[in-house]
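The values are calculated or read from the model by the stated rules, or taken from the named source; none is laboratory data. This is a predicted model, so every value here is computed, not measured. Using ideal geometry, Cβ is built from the backbone for each residue, glycine included, and neighbour counts are taken over all protein chains shown. When the accessible area is computed, the model is the full protein with side chains, heavy atoms only, and any ligands, DNA or RNA have been set aside. Shrake-Rupley method; radii C 1.70, N 1.55, O 1.52, S 1.80 Å.
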Amino acid sequence: MTRLVDGGLIDRSRTLSFAFDGKSFTGHPGDTLASALLANGVRLMGRSFKYHRPRGVVTAGSEEPNALVELRTGARREPNTRATTVELYDGLEAASQNRWPSLDVDVLSVNRLVSPFLGAGFYYKTFMWPAAFWEKLYEPVIRRAAGLGRAPDAPDPDTYEKATAFCDVLVIGSGAAGLAAAQAAGRSGARVILAEEDFRLGGRLLSERAVIDGGSALDFVARAEAELSSLPNVRLMPRTTVFGAYDGSEYGAVERVGDHLPAPLPFQPRQRLWRIVAKRCVLAAGAFDRPIVFPGNDRPGVMSALALATYATRYGAGAGANAAVFSTNDHAVAAALDAAEAGLKLDAIIDVRPALPDALAARAKALGVRVITEGEVVATSGKCLTSITVRTPRGSETLTVEALGVSGGATPNLNLTCHLGGKPVWREDIAAFVPGAVPPGMAVAGAAAGTFALADCLAEGTRLGASAASDAGFAASPAPAPQAEGSPTGFKPFFHVQGKGSAFVDQQNDVTAKDVALAHREGFRAVELLKRYTTLGMATDQGKTSNMAGLALMAELTGKGIPATGTTVFRPPYTPVALGVLAGHHRGIDFKPARPTPTHEWALAQGAVFVETGLWMRAAYFPKPGEKDWLESVNREVKATREAVGVIDVSTFGKIDLQGPDVGVLLDRVYINMFSTLAVGKARYGVMLREDGLVMDDGTTARLADDHYVMTTTTANAAKVYQHLEFCLQVLWPELDVCLASVSEQWAQIAVSGPRSREVLGKIVDGLDVSNAGLPFMGVAQGSVMGGVEARIFRLSFSGELGYEIAVPARHGAALMQALMAAGAPFGITPYGVEALGVMRIEKGHVSGSELNGQTCARDLGLAKMASTKKDYIGRVMAGRPAFADPDRPTLVGFKPVDRAARLRAGAHFLKVGAAATTQNDEGYMTSTAFSPTLGHFIGLGLLKRGPERMGEKVRAYDPVRGGDMEVEVCSPAFIDPQGEKQRV
Amino acid sequence: MSDLLEHIAPTRLVPEGHYGPEGATGVSARAANTSASPLAAATLVARKGATGRLIVACAAAGLPLADAPRSSGGAGLEAVGTGPGRWLVLAEGMSGPDLVARLAGMAQGLAAITDQSDAHLILDICGERARAALEKGVTVDLEPTVFRAGDAATTVVSHVGVTFWQRDGATYRFAVGRSFAPAFLRWLTVSAAEFGFALAGTGRG
Amino acid sequence: MRIPCPYCGARSSHEFAYLGDAAPTRPDPSAPDAAEAFHSYVYERDNPAGPMDELWYHSAGCRRWLKVTRDTRTHAITAVAFAGTGEGGR
Ligand SMILES: [Zn+2]
């Protein structure tokens, strides 16, 4: 046990039990998994990605590269969770990753013995040849050896949600600068959001012994938190990581609502994705403690000096029975002395500088801590750290310590400033990159900006918080910044100890100083090349702590200096974001809206099988007891419709109401055929082109009154056609007086088709003349049905039979269906679904989505003769291009299998009989196929070169994907009733 | 997906009832246009260049209109701006064709009027935590100093197009396309459940 | 990204459909060079780095076509107006 005797922000009155790799431990509320493990003397927490080297925790925050664990079990198991950010709860279970059979004994750590072969560029060099070995040998072995945790093997039982928040000032980070900024902005009355990744506000103030406004840092944090909580215009968001900065002052954040609990509370999500729209932002994300690259620096027990201090002061956890610190800077020395005061047994401070400032030297002396100046750690030993070798100009010595804190200075956490393309700039005076161009509306305060002294952080936070509020329109009263004593910020730039043995630059991806040297030798010297060649900074931590060291090493090798060597920029997300929270509510049956038709419940009661078309749920077919498959049901539905009468809900078509004196003019310009001449009470089939001459949509438009038309569009294109019409009216021809309204939701529409459909309709209309004379083919009647329900009746036919479409206000849709079923019962009226509808339209040669595929012009579909030559319309000029009139263009025809028992498949390509299956010989393809119960064999529609000239010719339909290869006969696309007589009776 | 709604078909309106922790009702919603109490609705679209004259004509007939995303009431009608020169008009105790005729009389040929009485689910949402629930899908700022009584928005919520406006007090009235109403209610129910959610007027399921 | 719609106010770009450059205007279809002019109108686009007038459709809002002036390098939007007529259009 290395729990310190007292102190720390943990509740020692309560004990929590948890398990790591099946072994039981205890901790306290306020602990993280990492601090609790350290307090229990567990230093080995994982194995590395490539060499499976034993690794311990190195940080106390989300930048952690090593201590990745699988958290929870079963369906809630989450791999690659950073033990440093996991809040301890009672019953927590975690397991180490990347080890087999156990963390302690790992067979694959033999990788280390062959590490000379696993160096930089290893993958590129080793697995190039022979190609066949990749799939069978290399990849399985690599997958077994490398990689991180295991994904859970059951669906995630938890829920996630998304939310949007608006504020005047978003403050990211709640350390000294962030708290000061939030206070200054909050006091102005501005709406402030303070987002903090940790579960506790305070940042580094939680770990440091500073004096602010005459009291302790913790008192300051408590006062600030109390004040901010009391302000109604301030929203505190702990456990919230702002992971991305986006255009338009939008920020992405994840709030971990229930991650600190064994399972989320009832009715609460596990995580919530926030889109925060902020007029201004103050980034106060602090800084990372910079590692020093030295031989043996990855041994468990070696960690960041500030992390070592945080574990001692904030968590009351010793990282070892005794410790030393290897530093280059005053901040780390002060933190180490804080840790010693908190009870950590600190044996020595090894500093690379010739002397410490007097104040720090005096503190060390008072605490009995030995100071070794001009010292460098050149070696470490032990599986977990047992000793270190220190070299000074005066000689070498070995110290027996279980923990070593290392600090090479501060690397400002400027990750978010780069998300919109900003490039960090080098500041020689602090030997660090600081934010360059920042996203609009963002200001950076405190250590993230390279401002390290506590008093300066408080002042900068106050100033930037006030100016952010003032920029957002709030006059901030110039309250004084909290005051703190001056703190020493001396340092010496120092990145790399020369010496023998593996010195790690990127611990998560196992990149060593040697790998960087190799990349240099082989010419991969640009930072982006170094990154890709060695994988430096490409692990789940994205090089937060390692990039700087890698860059410094390369700068040493090239002799060009760090700013000339460059820096890698950062992209979102700042920390990994679970896919579940990005999906939010939209998964499983809520993946997208399911739109029921007005007759959905009725169809459900009839046992319909549904198919999703667009977002609509439509009946595909209505199976009857005893039918052995869908085809039998569909055949029955088609036959019943062709021989008697069938009924289908067609409410899903887009319906657009057009009113005004210029509707006819508009329609003439958007359809290839004429509509201004359409008589009132008549409907016409129309085809629309895109301006490039290809077909956009088709449908029937009816004229209800002189200045009133109603258009139908295909189900899929309803929104697109509406948008197109608005484009015409608003952008192309704003002089036209036409008003649009979508009525797709207002009207239910049901098609009744078949030779008996007139008799069925006659029974439900309120005194309307539906005879062939009273309501001829393509006629429209307005009146009422079912004793007073307003209705529009269109005599249209998609099936080719005598048919009508009856529209009623949507609430009456189900009643209309029931009335039609009752009226049609004597004729054996049969509900049919979209499968039967598809069969009947293919039998008639009507085009649909498979033919209106965005690659076909009117001529390809045999519709060119519809085009008016008396007017201009959208797409006319481009449709006149020579290529569109090329007789070699594949054109719509019908197909029958020569062997009438054979099955046709859409997607098959046409070849001349005997021609080889090459792209050069391709003559088109099959677009739609169906089994025609009317003809007793499969039929197809397709696009064939010079198709209409080739009636009766046999061609090869070749379908290599599904192994189809057969001869088919070219025929008219209208398989039945080519003259269209049935629909006119 | 949430266990809360797993057993309810996604094509069906979420049945009326209480969702979430017992004893708490932070959010309430009620369907305002049920078969028992239908609401007539129509779109009113100004003819080319006629917006100003239409506003004058309607004001004279007792219905003030703003050419803005605002709601207004008068002459027993409730009008909501949904686009330049466009309004959605609601009326209680009237049939759709009656509302169309009434508006035609007011508009004097200056507008196209289209019956939409069957096109929407009209849902009134209120409660202390209504905003907290709505911010899980509404991407418009609902802060009372920003979105005030009478303000309206046509927007998209959880992949569903809606028009909503703030009525008297803190009630938000939503007009949701009829076929999208089940999806909208599923989103609302899971979003509001943590605060305690009382849903009424959607039938017993 | 958020687009300040002149009718609806600032809205997420998810509510809008993008068309592209607002500069090309539909040529006279009866002109002798109509074929060439339409080819250019349909296919030929500049790709400027800098401010550009673009057409966006507020599909989930007021259903107005907008002319949005956006800097293609920074996505900064400097002006938004109703397309076509320069006013509400009604
Ligand atoms: Zn808009």
Discussion item. Just the residues that are more than 41 Å from the chain's Cα centre (by Cα), within 29 Å of A:ASP922 (Cα to Cα), more than 10 Å from every other protein chain (Cβ to nearest Cβ) and surrounded by 12 or more Cβ atoms within 10 Å (Cβ to Cβ), please, taken from the range A:868-885.
Written reply: A:ALA885
Discussion item. Show me the strands (runs of 3 or more DSSP E) found entirely inside the range A:308-420 where at least 1 residues are open to solvent by less than 10 Å² (accessible area, probe 1.4 Å).
Written reply: A:323-327, A:346-351, A:370-372, A:376-381, A:387-392, A:403-407, A:410-412
Discussion item. If A:LEU911 satisfies all but one of (1) in a strand (DSSP E or B); (2) among the aliphatic types (A, V, I, L, M); (3) closer than 18 Å to A:SER850 by Cα, what's the number of the condition it fails?
Written reply: (3)
Worksheet item: Would you call C:PHE38 modelled with pLDDT of 95 or more and within 12 Å of the ligand (Cβ to nearest atom)?
Response: no
Worksheet item: Applying the selection to the range B:4-38, what residues are out of contact with any Asp or Glu (no Cβ under 6 Å at 6 or more places or on another chain) and assigned to a strand (DSSP E or B)?
Response: B:GLY17, B:HIS18, B:TYR19, B:VAL27, B:SER28, B:ALA29, B:ALA31
Fill in: Residue under evaluation C:HIS14, criteria (1) more than 23 Å from A:GLY421 (Cβ to Cβ); (2) within 16 Å of the ligand (Cβ to nearest atom), criterion not met
(1)
Worksheet entry | For C:ALA83: the one exception among (1) touching a strand residue (DSSP E or B) at 6+ places or on another chain (Cβ under 9 Å); (2) under 20 Å from A:GLU691 (Cα atoms); (3) away from chain B (no Cβ under 14 Å) | (3)
Discussion item. Quick test for you: out of A:ALA810, A:ALA791, pick the one residue that is within 14 Å of chain B (Cβ to nearest Cβ), in contact with a Pro (Cβ under 6 Å, 6 or more places away or on another chain) and of a type in the set (Gly, Ala, Ser).
Written reply: A:ALA810
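Considering every residue within the range C:44-56, establish whether at least one is open to solvent by less than 40 Å² (accessible area, probe 1.4 Å), within 14 Å of the ligand (Cβ to nearest atom) and modelled with pLDDT of 95 or more. First the steps, then the outcome.
From the range C:44-56, those open to solvent by less than 40 Å² (accessible area, probe 1.4 Å) are C:50, C:52, C:54-56; that's our starting set.
After this cut, where a residue has to be within 14 Å of the ligand (Cβ to nearest atom) as well, the list is C:55-56.
From the residues that got through so far, the ones that are modelled with pLDDT of 95 or more too are C:55-56.
Yes, the range C:44-56 contains at least one residue that is open to solvent by less than 40 Å² (accessible area, probe 1.4 Å), within 14 Å of the ligand (Cβ to nearest atom) and modelled with pLDDT of 95 or more.
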Item to complete: Tell me which of these A:ARG690 doesn't satisfy, since it passes every other one: (1) touching a strand residue (DSSP E or B) at 6+ places or on another chain (Cβ under 6 Å); (2) open to solvent by 50 Å² or more (accessible area, probe 1.4 Å); (3) more than 28 Å from B:LYS48 (Cβ to Cβ); (4) not aliphatic (A, V, I, L, M).
Response: (3)
Discussion item. Take residues that are more than 11 Å from chain A (Cβ to nearest Cβ) and tell me which of the strands (runs of 3 or more DSSP E) falling wholly in the range B:86-205 contain 1 or more.
Written reply: B:86-92, B:120-126, B:152-157, B:160-166, B:172-177, B:197-200
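Any chance the range A:576-586 includes a residue that's farther than 29 Å from A:ARG76 by Cα and within 31 Å of the chain's Cα centre (by Cα)?
The initial filter retains those residues of the range A:576-586 that are farther than 29 Å from A:ARG76 by Cα, namely none.
No, the range A:576-586 contains no residue that is farther than 29 Å from A:ARG76 by Cα and within 31 Å of the chain's Cα centre (by Cα).
When you scan the range A:261-284, how many residues do you find that are more than 9 Å from every other protein chain (Cβ to nearest Cβ), in a loop (DSSP other than H, G, I, E, B) and among the aliphatic types (A, V, I, L, M)? Steps first, please.
Filtering the range A:261-284 for residues more than 9 Å from every other protein chain (Cβ to nearest Cβ) gives A:261-264, A:270-271, A:273-274, A:276, A:278-284.
Then keep just the ones that are in a loop (DSSP other than H, G, I, E, B); that gives A:261-264, A:270, A:284.
Checking the rest, the ones that are also among the aliphatic types (A, V, I, L, M) come to A:261, A:263, A:284.
The qualifying residues number 3.
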Discussion item. Take the conditions within 16 Å of the ligand (Cβ to nearest atom), within 17 Å of A:VAL731 (Cβ to Cβ), away from chain B (no Cβ under 14 Å) and open to solvent by 30 Å² or more (accessible area, probe 1.4 Å) and apply them to C:LEU19. Does it pass?
Written reply: yes
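Looking at this structure, is C:GLY61 open to solvent by less than 30 Å² (accessible area, probe 1.4 Å), without any contact (Cβ under 8 Å) to a residue 60 or more places away in the chain and either over 14 Å from the mean Cα position of the chain (by Cα) or within 14 Å of chain B (Cβ to nearest Cβ) (or both)? Show your work before the answer.
Values: open to solvent by less than 30 Å² (accessible area, probe 1.4 Å): yes; without any contact (Cβ under 8 Å) to a residue 60 or more places away in the chain: yes; either over 14 Å from the mean Cα position of the chain (by Cα) or within 14 Å of chain B (Cβ to nearest Cβ) (or both): yes.
Considered against the rule, which asks whether it is open to solvent by less than 30 Å² (accessible area, probe 1.4 Å), without any contact (Cβ under 8 Å) to a residue 60 or more places away in the chain and either over 14 Å from the mean Cα position of the chain (by Cα) or within 14 Å of chain B (Cβ to nearest Cβ) (or both), C:GLY61 comes out as yes.
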Worksheet item: Assuming C:TYR7 fulfils every condition listed in (1) within 14 Å of the ligand (Cβ to nearest atom); (2) farther than 23 Å from B:ALA46 by Cβ; (3) surrounded by 16 or more Cβ atoms within 10 Å (Cβ to Cβ) apart from one, which condition is it?
Response: (2)
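Could you grab me the full set of residues in the range A:693-730 that are polar (S, T, N, Q) and either in contact (Cβ under 8 Å) with a residue 40 or more places away in the chain or surrounded by 21 or more Cβ atoms within 10 Å (Cβ to Cβ) (or both)?
Applying the first criterion (polar (S, T, N, Q)) to the range A:693-730 yields A:700-701, A:712-715, A:717, A:723, A:730.
Within the range A:693-730, A:THR700, A:THR701, A:THR712, A:THR713, A:THR714, A:THR715, A:ASN717, A:GLN730 meet the criteria.
Listed here are the residues, each with its yes/no results for (1) within 14 Å of chain B (Cβ to nearest Cβ); (2) among the hydroxyl-bearing types (Ser, Thr, Tyr).
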site: A:VAL695; (1), (2): no, no
site: A:LEU704; (1), (2): yes, no
site: A:THR713; (1), (2): no, yes
site: A:ALA716; (1), (2): no, no
site: A:VAL721; (1), (2): no, no
Practice prompt. From B:ALA42, B:ALA79, grab the single residue that is touching a residue at least 12 places away in the same chain (Cβ under 8 Å), assigned to a strand (DSSP E or B) and farther than 21 Å from B:THR171 by Cα.
Written response: B:ALA42
Worksheet entry | Residue within the range C:80-90 that is within 16 Å of the chain's Cα centre (by Cα), open to solvent by 50 Å² or more (accessible area, probe 1.4 Å) and away from the ligand (no atom under 16 Å from the Cβ) present | no
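Check whether at least one residue in the range A:589-600 is small (Gly, Ala, Ser), assigned to a helix (DSSP H, G or I) and open to solvent by less than 60 Å² (accessible area, probe 1.4 Å), and report yes or no. Lay out the reasoning, then the answer.
Going through the range A:589-600, the residues small (Gly, Ala, Ser) turn out to be A:594.
Cutting the leftovers down to assigned to a helix (DSSP H, G or I) gives us none.
Among the residues of the range A:589-600, not one is small (Gly, Ala, Ser), assigned to a helix (DSSP H, G or I) and open to solvent by less than 60 Å² (accessible area, probe 1.4 Å), which makes the answer no.
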Worksheet item: So C:PHE38 fits all but one of (1) open to solvent by 20 Å² or more (accessible area, probe 1.4 Å); (2) without any contact (Cβ under 8 Å) to a residue 60 or more places away in the chain; what number is the exception?
Response: (1)
Worksheet item: So which pairs qualify, if the first residue must be in the range A:583-610 and farther than 30 Å from A:LEU273 by Cα, the second must be among the polar types (S, T, N, Q), the Cβ gap must be under 7 Å, and the two must be at least 6 apart or on different chains?
Response: A:THR597/A:SER651; A:THR597/A:THR652; A:PRO598/A:SER651; A:HIS600/B:THR11; A:TRP602/A:GLN818
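Here is a check on your reading of the model: is A:VAL961 in contact (Cβ under 8 Å) with a residue 40 or more places away in the chain, surrounded by 19 or more Cβ atoms within 10 Å (Cβ to Cβ) and either small (Gly, Ala, Ser) or not assigned by TED's automatic domain parsing to the domain that holds A:LEU802 (or both)? Walk me through it before giving the result.
Working: in contact (Cβ under 8 Å) with a residue 40 or more places away in the chain: yes; surrounded by 19 or more Cβ atoms within 10 Å (Cβ to Cβ): no; either small (Gly, Ala, Ser) or not assigned by TED's automatic domain parsing to the domain that holds A:LEU802 (or both): yes.
Here the answer is no, as A:VAL961 does not meet what is asked.
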